[in-house]
Amino acid sequence: MNDLYLNEILNFAKEILNIPSPSGFTEGVINYIDEEIKKLGFPTKRTKKGNLLVEVKGKTDKTLGLSGHVDTLGAMVRSITADGDLKFTTIGGPIWPTLDGEYCTIHTRNGLDYQGTFLSTSPSSHVYKDASSINRNPDSMIVRIDEVVKSKEDTLNLGIAPGDFIFFDPKTTITKSGFIKSRFLDDKISVSILYGLLSYLKQENITPNANLIFIISTYEEVGHGASYIPEVDELIAVDMGCIGEDLSCSEQDVSICCKDSSGPYDYNIITKLVNIAKDNKLNYVTDIYPFYGSDVSAALRGGKDFKGALIGPGVHASHGMERTHKDALLNTLKLLINYIK
């Protein structure tokens, strides 16, 4: 595998990581992905709730689905304080202490953007005894707006209102040592790998063994991303691999998940993926993720009949300041390439 596809994946990732797309506000990033996939020569479709579908004809009647989600964590204005600051509600499950001091953008319904900062309600050690110890969560945090506001009325006059989205700054950085640091690698880095797979199929003129349906879902972080999908025989969710206590995965590995909170994944598919990884000398691990669900989980709960699996690049500090490595991207891409062949 040459550097061409890795560079394509990284360049694509940098673009989509910087397009805000919390669950419920994904049209902009889906439009971008749609156009880029069409440039590769693949036709696309949209579901009614905004998922993007890409179909690739294979050699047999079997159909394999490959899903990745492009929606991210985020927040929404809940209310406005008497001083003009914003109280907020969570979209998905970010680790709130990592957001204390982080910059953000407030996007209004009339299309205006304002800058702001997430802060605790005790933001200064010179003023508040509990500045270091106060629990960081939506009840004890506010968004300070970078506008001259001194009252609720001042903020309302800016056009900001409950229900407006708040975007976290992703802070995307790619290091010389091959690390990719950013919020929302879950799961935009996997969507970028799927884009790299489509580019590989096109440029190498490869017809996969099975028909492929790529599913870029838009509500995974809130539980129903791929709850409705076209008919498939198998579905592999390409999502992040977890790293931490009692787990085997590293930032250089492709993770093959055997079981998550929804139960075991299909034994035969997992075994096939493991054997492919071994035969191709890929850096891989098998792991159990007890606090995890995927698009496969959502589709099975939605009543679909198929065999499912979950793989993805190892991502450190998920739902916080995330990081992975280019080696994990390549190992994941190579596993997918060999599976579809």
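The values are calculated or read from the model by the stated rules, or taken from the named source; none is laboratory data. None of these values were measured; they are calculated from a predicted model. Counting neighbours? That spans all protein chains shown, and the Cβs are built from the backbone with ideal geometry, glycine included.
Could you tell me whether any residue of the stretch 171-179 is surrounded by fewer than 21 Cβ atoms within 10 Å (Cβ to Cβ), modelled with pLDDT of 95 or more, touching a helix residue (DSSP H, G or I) at 6+ places or on another chain (Cβ under 7 Å) and not hydroxyl-bearing (Ser, Thr, Tyr)? Checked against the condition, which is being surrounded by fewer than 21 Cβ atoms within 10 Å (Cβ to Cβ), modelled with pLDDT of 95 or more, touching a helix residue (DSSP H, G or I) at 6+ places or on another chain (Cβ under 7 Å) and not hydroxyl-bearing (Ser, Thr, Tyr), the stretch 171-179 yields at least one hit.
For the stretch 38-64, the set of residues classified as touching a helix residue (DSSP H, G or I) at 6+ places or on another chain (Cβ under 6 Å) and β-branched (Val, Ile, Thr) consists of Thr44, Val54, listed by residue number.
So for the stretch 38-47 (the condition being within 18 Å of the chain's Cα centre (by Cα) and of a type in the set (Gly, Ala, Ser)), does at least one residue qualify?
Going through the stretch 38-47, the residues within 18 Å of the chain's Cα centre (by Cα) turn out to be none.
Looking for residues that are within 18 Å of the chain's Cα centre (by Cα) and of a type in the set (Gly, Ala, Ser), one finds none in the stretch 38-47, hence no.
Return a yes/no flag: does the stretch 95-102 have any residue that is under 19 Å from the mean Cα position of the chain (by Cα), touching a residue at least 40 places away in the same chain (Cβ under 8 Å) and exposed (fewer than 14 other Cβ atoms within 10 Å of the Cβ). Yes, the stretch 95-102 contains a residue that is under 19 Å from the mean Cα position of the chain (by Cα), touching a residue at least 40 places away in the same chain (Cβ under 8 Å) and exposed (fewer than 14 other Cβ atoms within 10 Å of the Cβ). Could you say whether any residue in the stretch 197-217 is without any contact (Cβ under 8 Å) to a residue 24 or more places away in the chain and either buried (at least 24 other Cβ atoms within 10 Å of the Cβ) or not in a helix (DSSP H, G or I) (or both)? Scanning the stretch 197-217, I find at least one residue that is without any contact (Cβ under 8 Å) to a residue 24 or more places away in the chain and either buried (at least 24 other Cβ atoms within 10 Å of the Cβ) or not in a helix (DSSP H, G or I) (or both), so the answer is yes. Counting only residues that are farther than 12 Å from Leu86 by Cα and in contact (Cβ under 8 Å) with a residue 24 or more places away in the chain, the stretch 133-146 holds 2 of them.
For Arg78, the conditions (1) assigned by TED's automatic domain parsing to the domain that holds Asn157; (2) closer than 21 Å to Ser318 by Cα are fulfilled apart from (2).
Sort out which residues of the stretch 121-162 are under 28 Å from Asp71 (Cβ atoms) and surrounded by fewer than 11 Cβ atoms within 10 Å (Cβ to Cβ), and write them in order of number. Listed by number, the list holds a single entry, Asp139.
Quick check on my filter: what residues within the stretch 150-177 are among the aliphatic types (A, V, I, L, M) and either at positive phi or assigned to a helix (DSSP H, G or I) (or both)? Reasoning before the result, please.
Step one: filter the stretch 150-177 for residues among the aliphatic types (A, V, I, L, M), giving 156, 158, 160-161, 166, 174.
Of everything in the stretch 150-177, just one residue is among the aliphatic types (A, V, I, L, M) and either at positive phi or assigned to a helix (DSSP H, G or I) (or both), namely Leu156.
Going through (1) outside any strand (DSSP E or B); (2) in contact (Cβ under 8 Å) with a residue 24 or more places away in the chain; (3) charged (D, E, K, R) one by one, Asp130 falls short only on (2).
Could you tell me whether Ser79 is surrounded by 23 or more Cβ atoms within 10 Å (Cβ to Cβ) and not in a loop (DSSP other than H, G, I, E, B)?
Numbers: surrounded by 23 or more Cβ atoms within 10 Å (Cβ to Cβ): no; not in a loop (DSSP other than H, G, I, E, B): yes.
So Ser79 does not fit the description; no.
For the stretch 108-120, a residue qualifies if it is crowded, with 19+ Cβ neighbours inside 10 Å and farther than 10 Å from Met141 by Cβ, and the qualifying residues are Tyr114, Gly116. Test Leu119 against the stated conditions and say whether it is outside any helix (DSSP H, G or I) and in contact (Cβ under 8 Å) with a residue 40 or more places away in the chain. No: the conditions fail for Leu119. Hey, can you tell me all the residues within the stretch 314-333 that are under 24 Å from Leu212 (Cβ atoms) and out of contact with any strand residue (DSSP E or B) (no Cβ under 8 Å at 6 or more places or on another chain)? Passing the criteria: Leu330, Leu333. Exactly one residue out of Gly68, Gly93 is of a type outside the set (Ser, Thr, Tyr) and not assigned by TED's automatic domain parsing to the domain that holds Glu322, and it is Gly93.
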